[in-house]
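The values are calculated or read from the model by the stated rules, or taken from the named source; none is laboratory data. Everything numeric in this text was worked out from a predicted model, so none of it was measured. Glycine also receives a Cβ, built like all others from the backbone with ideal geometry; neighbour counts cover every protein chain displayed.
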């Protein structure tokens, strides 16, 4: 397994940090340390400081951040920061170094973008995150068969939880889960059909409009509506024709053209197949119902 430690060692503010307890995999390093340096430092990976006892004050971009015990303070890659000299005598902390590409990959999966920027605001160390860190440390020490796979799995879980619990520039509003995006696209397809039912339309036209493949659109449309796009379009045309037959004095040819049917014969056949009546019979029936005196 490729070691992540050599990638972050050069960024340690002091070589004495190597005397701390180090646990590392390909993408994640956990350092348990009681060593506190007052030097300014920066790292080209994402890292998180978790004070376990006395919490330091960190200066970052000319702003002071007062940390709290059992909280997590995030730092972005190459973001300079410095611990202020506040006379701390009982320091103990866990520092997480997360490979930049791993956190960006998880951000892409969760939020649709990998241009992640963490906000420098602390958040509470949750029992879930603490448990994952402990499991990572234990797995590093045990070195059982399958250790590499376990550590990589835990690394992804840690990265995922860090993004769930931290504050950053990405949000769910910038990325919709597939199911929600599918619903939005089907709604857009229905809107397009409703607005253009009078025009000649193909499955490829509809697929191009919502940027889905014809096959994917067909499958999703049937799943969401119970009908194919063609069946939905045909039902819509029939409803429009029924409304015109009920409420206008238009000729059959005019109704046929207005509802987007390709010919009068096709219109009559389709209408009867869908309603059980010919357009003429349907119009006559509507006239009888709208004139109650006919029944008395």
Item checked: Residues of segment 235-260 that turn out to be closer than 17 Å to residue 277 by Cβ, surrounded by fewer than 17 Cβ atoms within 10 Å (Cβ to Cβ) and touching a residue at least 12 places away in the same chain (Cβ under 8 Å), as a count -> 2
Notebook entry, point to check: So which residues in segment 70-104 are over 20 Å from residue 36 (Cα atoms) and out of contact with any helix residue (DSSP H, G or I) (no Cβ under 8 Å at 6 or more places or on another chain), if there are any at all?
Noted result: 100, 101, 104
Checklist line | Entirely in segment 168-286, the helices (runs of 4 or more DSSP H) that have 1 or more residues that are within 27 Å of the chain's Cα centre (by Cα) and closer than 30 Å to residue 109 by Cβ | finding: 178-196, 203-210, 214-225
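Every residue, every condition in (1) in contact (Cβ under 8 Å) with a residue 12 or more places away in the chain; (2) over 25 Å from residue 212 (Cβ atoms); (3) surrounded by fewer than 19 Cβ atoms within 10 Å (Cβ to Cβ), yes or no:
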| site | (1), (2), (3) |
| --- | --- |
| 80 | yes, yes, yes |
| 99 | yes, yes, no |
| 116 | yes, yes, no |
| 127 | no, yes, yes |
| 181 | no, no, yes |
| 188 | yes, no, yes |
Item checked: Number of positions in segment 138-157 that are within 19 Å of residue 46 (Cα to Cα) and touching a strand residue (DSSP E or B) at 6+ places or on another chain (Cβ under 6 Å) -> 1
Notebook entry, point to check: Do the conditions hold for residue 141, that is, is it at positive phi, out of contact with any helix residue (DSSP H, G or I) (no Cβ under 9 Å at 6 or more places or on another chain) and surrounded by fewer than 17 Cβ atoms within 10 Å (Cβ to Cβ)?
Noted result: no
Checklist line | Conditions (1) closer than 22 Å to residue 279 by Cα; (2) modelled with pLDDT of 90 or more; (3) surrounded by fewer than 17 Cβ atoms within 10 Å (Cβ to Cβ); (4) not assigned by TED's automatic domain parsing to the domain that holds residue 267; number of the one not met by residue 196 | finding: (1)
Checklist line | Verdict on residue 217 being at negative phi, modelled with pLDDT of 80 or more and in contact with a helix residue (DSSP H, G or I) (Cβ under 6 Å, 6 or more places away or on another chain) | finding: yes
